[in-house]
Structure formats: structure tokens, C-alpha cells
């Protein structure tokens, strides 16, 4: 049931309950302090009077009236050990105030007690002690009415009740006002949040003026909105760039096929037919090359999309595809795959051998695909012979490089070389022509807990951890 109560009422109720506890505890404390002070004052007065009465009883057979009665609300008696009244205030003349048991207790030690007599409208406090008169033990006692004390405490209780009730009411109203102000700021934040959608991610929640937890929460939510806005903007740019890149090869393929279909020829003319077949071969070959580029682009876009969806295996992600990978064996496979293509370009490709084994814990398919991107990049935009190198100087890391005789990536392009759709003037930074090659290298390397960098010679270095975890 409590979860159905508005939070404002719950806050006010909790505040009111706390104030009631504080007021009740404070009232009880004040009542006890005042009662203790009054009792202490009464006890001090009784002790002073009983000392005077004991001295008077010991020094004279006749106790002066001024000693027996000092004020209307007090009284005194001198009792023999058998209970007979030797001297008494007029209020209890001839009647002992104490019982025989109480007299025996007073003869043994000073006794303090309270009682309500028929002759007194309120309780009285009595102090009795042993004294001597004419050499015989007697009991002297003094008492005082507690009417004034009780009336004072009664009035104090009423004032505390009235004042406490007013205090609780004022505190409750103040708590309601404070909670309304605090929750008003929260409600403004809620309304602002309800108006933000995917078209207005640049909007921010209003920060409360008070430097409190709600302001800290609002700042945290605004930071979250900023990150979401940046992610959406990155995706919008990615979709726009991908659409632009996809249009080009599709348009080229369509153009080649349309030209081939519209080319006229004379079926009866053998030479014309041969020329037409040669033209069709060129057009189909060109379309095939563009289709291959389109397939590579689609594959690269898929890898980028998987990275954005955290589908690439990483140190903190899904490692089911991870295994112990022999780096040199993997590079040998990549080298063999590109041998014919390098030979066609009158270039060579070779793996720099090493006697030292190198094992990494990785997704072999992703690493092989990434190294292949680097080799493809070198074949497209590099010059001279291509070498695949592995640096194991640091036993905890394996650094893979694909180098050639070209100048490498220009220094002015190195800062953005790993960005998506990045291109240099010679397209060196984009292994597949769309500017995604090196971006994929950086993604895959990072997913394995490593880092892709560009060395001082302008070549990409993949740094992968060698320890198996």
C-alpha cells in the first residue's frame, strides 16, 4: 500500500513522524529536568528544616512554634520511639504522621517518603530522622505539600502539549513546503526528460539551483544524454558515409551493364561479333571488379556494425571464438593467399622468419582478416616488396607489421588514419578504398586488448598480448 502513496506525502509523513518523536522526546526531557529541579529544591529545604528541628529538640524540652511551622504548606512533628506525639504542627496535632514501622526505620537511618493524607488535597513529601531529647531517642520529621510542585508540572505539561502541537504543525507545513520545492525541481526534470526523443537528443535537462543530490543526478543524466547524442551522431554519419560509398560501386556496375546491353552489333558480321564479345568481356570484368569492391565494402560495414553492437569478441566480452593462435602460422597463410596477386603485380611478398615461437590468445578469423587488410592495402597503394614482420622484444606483446618499400602513411594523416572513412590523397590510409580498412584494424586489435599504432616509418603496427588468459 505504501508504494501507492505519492512520494510527497511520504516525505511529509516521515518528516512529521520525526518531528513528533523529537517533540515528545524533548517534552519528556524538559518535564524530567524541571521535576528533578523542583524535587532537589524541596529536598534541600526539608534537610535545612530538619536540622533546625533536631537541634531544637536536643536543646530544649519545649520546641518553639516557629520551628514546627514555617509556612502554611509545611508541617513538622517530634515523635517518641513508641509513636507518641511530643510536638507537632497544628495541622497534625495529636496524630502521628508516621506509622510504627516507619518510626523504626527512621530511628535506624534518615528516611524520605511521600504520602497523601486525608487532611491534604495533594501528596506530601516527608523527611524523618533520629534525634535525642532529654537523652531519649526521638524521631523528628518535616514535610511539605507537593501541591505547588505538581501544579507547576501540570501547567508545564499543558504548555509543552500546546507548544509541541503548534511546533509539529509548523514543522509539517515547513516540511511540505520544502518537499514541494524539492519535488518541483524533480518534476521539472521529469517533464523535460519526457520531451526528449531521438530527434532532440541535443536538449539537456534543467539543473536545479541547489547544489544537492538532485543536481548531481541531473548532471549525470545530461552527461548520459551527451554520450547518447554523440553515439547517434556517429551512427548518422556512419550511415550517411556508408550510403555514399555504396552508391558509387552500384552505379558503376549498373553503368557497365547498361552500356554493354545498349552496344549495337551486326550478328552477320563476324568481326563485329568478336569485337562485341571482347567489349562484353571488358564490361563484365569491370563490373566483376566493382562487385568485388562492393562485397569487400559490405563485409567491412558488417564488421563495423558488429563492433558498434559489441559483437566483436573482446577481453570483457564473448570469448567463445578465442583460441591460442600461432602468429607465424597465421601470417604464413596470409602470405600464401596473396602470393599470386603479388606476382601478377611483379612484386614479392614474404614472411620474415624467426626461431622464436609466438602465441596469442585471439579470434584467428578476425586477426587473419585484419592482417589481410594490411597486405591488401600494401598491394594497392604501396611499392616494392612486401614483408610481414613480428616483433617479440617484449615477451608480453606481439607486434605485427606489414611493410613495403613505399613512404608509408604521410605524417599529416596519421592522427586520423584510424577514423572511419578516412582517406589520404593517395588513399593509402584506406585498405578497401572506402576508408574502413585501418578503422577495422584498430577495432579488432582493441577487441583483443591490444592497440594499433603507426610507427615512425608510417606503417601500421598491431600490438597484441601474448599471454593466454
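The values are calculated or read from the model by the stated rules, or taken from the named source; none is laboratory data. None of the values given here were measured: they were computed from a predicted structure. All Cβ positions, glycine included, derive from the backbone under ideal geometry; neighbour counts span all protein chains shown.
Before moving on, here are some points about what is shown:
- Count - residues of region 329-346 that are in contact with a strand residue (DSSP E or B) (Cβ under 7 Å, 6 or more places away or on another chain) and farther than 11 Å from residue 375 by Cβ: 1
- Among residues of region 393-417, those that are surrounded by 12 or more Cβ atoms within 10 Å (Cβ to Cβ) and modelled with pLDDT under 85, counted: 10
- Residue under evaluation residue 452, criteria (1) at pLDDT below 85; (2) out of contact with any helix residue (DSSP H, G or I) (no Cβ under 8 Å at 6 or more places or on another chain); (3) in a strand (DSSP E or B), criterion not met: (2)
- On the stretch given as region 386-407, residues that are in contact with a helix residue (DSSP H, G or I) (Cβ under 9 Å, 6 or more places away or on another chain) and not in a strand (DSSP E or B) total 3.
- Residue match in region 371-383 (condition: farther than 18 Å from residue 451 by Cα, in the same structural domain as residue 445 (by TED's automatic domain parsing) and surrounded by fewer than 15 Cβ atoms within 10 Å (Cβ to Cβ)): yes
- Count of residues meeting criterion [surrounded by fewer than 22 Cβ atoms within 10 Å (Cβ to Cβ), in a helix (DSSP H, G or I) and over 38 Å from the mean Cα position of the chain (by Cα)] in region 358-370: 4
- Screening 111, 157 for residues that are farther than 30 Å from residue 84 by Cβ, surrounded by 13 or more Cβ atoms within 10 Å (Cβ to Cβ) and modelled with pLDDT of 80 or more leaves exactly one candidate, 157.
- Of residues in region 64-82 being surrounded by fewer than 20 Cβ atoms within 10 Å (Cβ to Cβ) and at pLDDT 85 or above, the one farthest from residue 127 (Cα to Cα): 82
- Enumeration of residues in region 42-51 that are in contact with a helix residue (DSSP H, G or I) (Cβ under 9 Å, 6 or more places away or on another chain) and either closer than 13 Å to residue 149 by Cα or not assigned by TED's automatic domain parsing to the domain that holds residue 75 (or both): 42
- Flag for residue 131 being in contact with a helix residue (DSSP H, G or I) (Cβ under 9 Å, 6 or more places away or on another chain), surrounded by 17 or more Cβ atoms within 10 Å (Cβ to Cβ) and in a helix (DSSP H, G or I): no
For (1) in contact (Cβ under 8 Å) with a residue 12 or more places away in the chain; (2) out of contact with any strand residue (DSSP E or B) (no Cβ under 8 Å at 6 or more places or on another chain); (3) closer than 23 Å to residue 35 by Cα; (4) outside any helix (DSSP H, G or I), each residue gets a yes or a no:
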{"residue": "125", "(1), (2), (3), (4)": "yes, no, yes, yes"}
{"residue": "148", "(1), (2), (3), (4)": "yes, yes, yes, no"}
{"residue": "151", "(1), (2), (3), (4)": "no, yes, yes, no"}
{"residue": "163", "(1), (2), (3), (4)": "no, yes, yes, no"}
{"residue": "167", "(1), (2), (3), (4)": "yes, yes, yes, no"}
{"residue": "205", "(1), (2), (3), (4)": "yes, yes, no, yes"}
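- Annotation: residue 13 fulfils all but one of (1) modelled with pLDDT of 85 or more; (2) out of contact with any helix residue (DSSP H, G or I) (no Cβ under 7 Å at 6 or more places or on another chain); (3) under 30 Å from residue 165 (Cα atoms); the unmet one is (1).
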